[in-house]
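Asker: After the structure tokens below, expect a handful of questions from me.
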Amino acid sequence: MTPTEVFSISGMIAMPMWILMIFLPKWKVTKFLIDFKIIPLLLAVVYAIYIFQAIQIGGMMDFGSLASVMALFTEENAVLAGWVHYLAFDLVVGMWMLDQNKELKIHQVVMAPCLFATFMFGPIGFLLFMIIKTFKQKQS
């Protein structure tokens, strides 16, 4: 399978999970997938394969400077690994947010933009959730 195909498949694996988390967070299938972290674990396996391939091709990775990191993103397997890393970790953050919301009870209409922002912009969605969480806890 080519890196391009794996890139597409990884996105197709992550997207349905986000749809479930945003629109059907309380459905038993969604809860099962969140509780057991099925999709992030699957993406972690893909990540492990491609990060090891990138190391084999390009040697140990240097994260010591911006120039070094930019050089890493010239190797196709490293870029794919980086993308899958984003997909997996953003999903884990979204799942954590839903776990937190079991106690917080933030309305789904408010949670949906937090989850969508996490899906699209990672840390911005997390920041939005943390701001809402802080206000919600102060009200309690």
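The values are calculated or read from the model by the stated rules, or taken from the named source; none is laboratory data. If you're wondering where the values come from, they're calculated on a predicted model, not measured in any experiment. Positions of Cβ are generated from backbone atoms using ideal geometry, with glycine treated the same way; all protein chains shown enter the neighbour counts. Just the protein is used for accessible areas: all its heavy atoms, side chains included, with ligands, DNA and RNA removed. Shrake-Rupley method; radii C 1.70, N 1.55, O 1.52, S 1.80 Å.
Asker: Arrange the residues D90, D62 by how much accessible surface each exposes, largest first, with a 1.4 angstrom probe.
Answerer: In descending accessible area the options line up as D62, D90.
Asker: What list of ³J(HN,Hα) values in whole Hz, one per residue of the stretch 18-31 in order, does the Karplus curve 6.51 cos²θ - 1.76 cosθ + 1.60 (θ = phi - 60°) give from phi, with Gly and Pro shown as x?
Answerer: So the J values, rounded to whole Hz, are 5, 4, 4, 5, 7, 9, 9, x, 9, 5, 4, 5, 4, 4.
Asker: Give me the accessible area of L66, 1.4 Å probe, in Å² rounded to the nearest 10.
Answerer: The value for L66 is about 130 Å².
Asker: Figure the gain on full extension for A44 and S68 (residue separation times 0.36 nm, minus the Cα-Cα span) and round it to one decimal in nm.
Answerer: 6.3 nm
Asker: Between H107 and S8, what is the spin-label point distance in nm, taking each point 7 Å from the Cα along the Cα→C-beta axis?
Answerer: Rounded to a tenth, the inter-label distance reads 4.1 nm.
Asker: Please identify the longest segment of the chain free of exposed chymotrypsin sites (Phe, Trp or Tyr not before Pro), where exposed means a DSSP state other than H, G, I, E or B and no more than 13 other Cβ atoms within 10 Å.
Answerer: Details: sites that count: W27, F36, F63, F73.
The longest such stretch corresponds to 74-140.
Asker: Sort the stretch 26-74 into rounded, prolate or oblate with this rule: let a ≥ b ≥ c be the square roots of the eigenvalues of the Cα gyration tensor; rounded if a/c is under 1.5, and if a/c is not under 1.5, prolate when a/b is larger than b/c, oblate otherwise.
Answerer: It comes out prolate by the Cα gyration axes.
Asker: Which percent of the accessible heavy-atom area of the chain goes to carbon and sulfur, probe 1.4 angstrom?
Answerer: 73
Asker: Charges on Cβ only, +1 for Lys and Arg, -1 for Asp and Glu, centred on the Cα centroid of the stretch 1-117; of M60, I34, V45, which one is farthest towards the dipole's positive end?
Answerer: I34
Asker: Taking the alpha-carbon centroid of each part, what is the distance from the stretch 56-98 to the stretch 10-44 in angstrom?
Answerer: Centre-to-centre distance over Cα atoms comes out at 21 Å.
Asker: Please list, in order, the residues from the stretch 17-44 whose amide nitrogen is less than 18 Å from a point placed 7 Å along the Cα→Cβ vector of M61.
Answerer: In the stretch 17-44, the label zone of M61 (backbone N under 18 Å from the point 7 Å along Cα→Cβ) covers 40-44.
Asker: When a/c reaches 1.5 or more, the comparison of a/b and b/c decides; with that in mind, is the chain rounded, prolate or oblate per its Cα gyration tensor?
Answerer: Judged from the Cα gyration tensor, the chain comes out prolate (a/c at least 1.5, a/b above b/c).
Asker: Sticking with this structure for a sec: If a/c stays under 1.5 just call it rounded; otherwise compare a/b with b/c (prolate if a/b is bigger, oblate if not). Do that for the stretch 48-90, with a ≥ b ≥ c from the square roots of the Cα gyration tensor eigenvalues. Numbers along the way, then the final one.
Answerer: Working: a/c = 1.97, a/b = 1.22, b/c = 1.61.
Oblate is the answer for the stretch 48-90, as a/c is 1.5 or above yet b/c matches or exceeds a/b.
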